[in-house]
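For reference, the structure discussed in these notes is given below.
Please treat every number below as a calculation from the coordinates, not as lab data. All values derive from a computational prediction rather than experimental measurement. Heads up, the Cβs are rebuilt from the backbone with ideal geometry, glycines too, and the neighbour counts pull from every protein chain shown.
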Amino acid sequence: MSLSLILAVLLDHWLGEPKKYHPLVFFGSLANFAENKLRYPHHSTLLQKLFGFIALMVLLIPFTILVFSITQYSIINTFLSPVILYFCIAANSLKQHALLVFQALDSNNLQLAKNRVAMIVSRQTDKMLANDVRKATIESVLENGADAIFAPIFWFIIAGPTGVVIYRLSNTLDAMWGYKNQRFLYFGWAAARFDDCLNWIPARLTAFSYACLGDSKQAFSCWNTQASLLDSPNAGPVMTSGAGSLNLQLGGPAWYHGKLKNKVYFGTDKLPTNADIIRANTLITSTLILWLLVIIILDLLGENLA
């Protein structure tokens, strides 16, 4: 298992995210098709939730059965497992996107920085100041570190390629349907709740890792006192622990779909600088190395005890 994980991480490091023919792009097209066929906005709340649940199952079950079936053959599983995990993690892409924002800010090109940060956040960027861009970038690195790196690794270790595929596809549906707006409030309910369940443990392991690899006292304090103030039950621990670990103030008001949302400030009182984007990337890299070392050690201990 640890060998497949190492190979997947190396593939991601060497190749990055595929620019063309990514399986998740195909899956996203299927999700749009399912939404068009099954989302009935004029139905009752219960029926909208029911059809959202049906859409979730219709999209997840066939791929789950397919991956489970083909990976039952040990030879196929040996070669396919690292490839599947590679397609389900995005460490390289996440850090590269953040680095591009840093480079734009470092050259005092705020408009370019706003254009680039728009690729990794859902909030509006046109009214952002430089500090807003810094915060949004660091928040994205911290949160997506959990969603796009550590949660997939967790489910790969727990349930193999089938587990990581279930997680990655459900997380993709949450990213597409998990908005609390008129379009998805009820239809996306099942996808959002399922993703919350799958992320509960890995989010807290990620938060714990962030805390161990930075300013631990601040991280645990922020996690303990501020996590419940954030909207997401899983992003709360991850973001507050990460902010404390980096000793930074994050959060604050942000524009979404033409409306200003008064999000809370969290972390410490220190405003981020451009260099803190690099520090956030370093925290992600350090956490990935820590996870790899722990998994390899546990794997070796398991072999010795067997």
Considering only region 1-90, give the helices (runs of 4 or more DSSP H) lying wholly within it that have at least 3 residues that are hydroxyl-bearing (S, T, Y) and out of contact with any Gly (no Cβ under 9 Å at 6 or more places or on another chain). 45-70, 74-88
Selection from region 155-182 of residues that are over 15 Å from S122 (Cα atoms) and of a type in the set (G, A, S): A159, G160, G163, S170
Hits in region 244-286 - residues which are among the basic types (K, R), under 20 Å from V101 (Cβ atoms) and out of contact with any Pro (no Cβ under 7 Å at 6 or more places or on another chain): K270, R279
Can you name every residue in region 264-286 that is in contact (Cβ under 8 Å) with a residue 24 or more places away in the chain and of a type outside the set (A, V, I, L, M, F, W, C)? G267, T268, P272, T273, N274, D276, R279, N281, T285, S286
